[in-house]
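To start, the structure itself, in structure tokens.
Each reported figure results from applying straightforward, stated rules to the coordinates on display, with no laboratory input. Quick caveat, the model's predicted, so the values are computed rather than measured. Note that we place each Cβ from the backbone using ideal geometry, even for glycine, and neighbour counts take in every protein chain shown.
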Amino acid sequence: MINLNMSTLIYRPVKQVFDFVSTPENDFQWQYGTLQSARLSEGAANTGTFFRSIGHLMGRRVESTFEVTEYEPNSKYGFRSLSGPLQSYTSYTFEITQGCTQIGLSTQVTLVNSLQLDEGALEKKLKKQLREDLAMLKDLLEAKQTLPASETDPSASRSMS
């Protein structure tokens with residue numbers, strides 16, 4: 001099992017950071033390898049809702065379904081994989097610190113051997129990717145260049161089938 005923990009400070013209000021991160025349709029804007037994500041049910045995100053993500057991992061196209069397991073506005077957001085090449089649990093925490101938002105990321109990943117990948121290589125790749133994702137999130141939010149997903153991705157309003 002791979003366990004990774006990291007954090008960064010984002011000079012934006014906690015509500016703005018939480019709302020952006022907890023909206024799966026925004027994932028492609030800040031998560032390397034994510035091509036598209038969408039909720040599988042109507043309405044606001046909450047514990048027990050589901051979303052699907054399509055992307056690539058180490059040169060392979062992957063599709064995964066996730067269940068939101070934690071949803072405390074402006075405080076915690078977490079989800080676990082239900083399908084896909086990795087069994088994973090990811091949790092974000094949000095705190096007001098030094099006049100900005102500290103976002104913490106914790107993820108546990110177990111490799112499903114159908115990919116025939118080396119766990120050490122995967123851990124190194126994931127660690128690098130998650131650091132880059134948090135840096136991109138910070139840059140994106142601090143530059144105020146974010147738009148609602150429906151304005152940046154015309155397919156965001158369509159259901160992924």
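Residues of region 15-58 with an amide N closer than 17 Å to a point placed 7 Å from the Cα of Glu72 along the Cα-to-Cβ direction: 15, 18-19, 22, 46-48.
By per-residue mean of other Cβ atoms within 10 Å, what is the highest-first order of 87-98, 29-40?
Sorting 87-98, 29-40 by mean packing, highest first, produces 29-40, 87-98.
Once you list every other residue whose beta carbon is under 14 Å from the beta carbon of Val112, what net charge do they have if Lys and Arg are +1 and Asp and Glu are -1?
Combined, the nearby Lys, Arg, Asp and Glu give -1.
State the extension gain, in nm to one decimal, for the chain segment bounded by Arg61 and Ser106, taking 0.36 nm per residue of separation less the distance between their alpha-carbons. Contour length minus Cα-Cα distance gives 13.8 nm. Comparing the chain with the 2.2 N^0.38 Å rule of thumb, its C-alpha radius of gyration ratio is 1.00 (two decimals).
Distances between placed amide hydrogens fall under 5 Å for Thr8 paired with Ile103, all partners being 5 or more residues away or on another chain. A simple spin-label model places the labels of Ile96 and Glu142 2.1 nm from each other, with each point 7 Å out along Cα-to-Cβ. Phi angles of region 87-101 translate, via the Karplus equation with coefficients 6.51, -1.76, 1.60 and θ = phi - 60°, into HN-Hα couplings of 8, 9, 9, 10, 9, 10, 10, 10, 9, 7, 9, 6, x, 9, 9 Hz per residue; Gly and Pro are given as x.
Let's see if you can work this out: charge +1 on each Lys and Arg Cβ, -1 on each Asp and Glu Cβ, no other charges. What is the dipole magnitude of the chain about its Cα centre, in debye to the nearest 20?
Working: 16 positive and 18 negative charges, 48 e Å.
Around 240 debye, computed over the chain.
Model label points for Tyr89 and Gln129, set 7 angstrom from Cα along the Cα-to-Cβ axis, are 2.0 nm apart.
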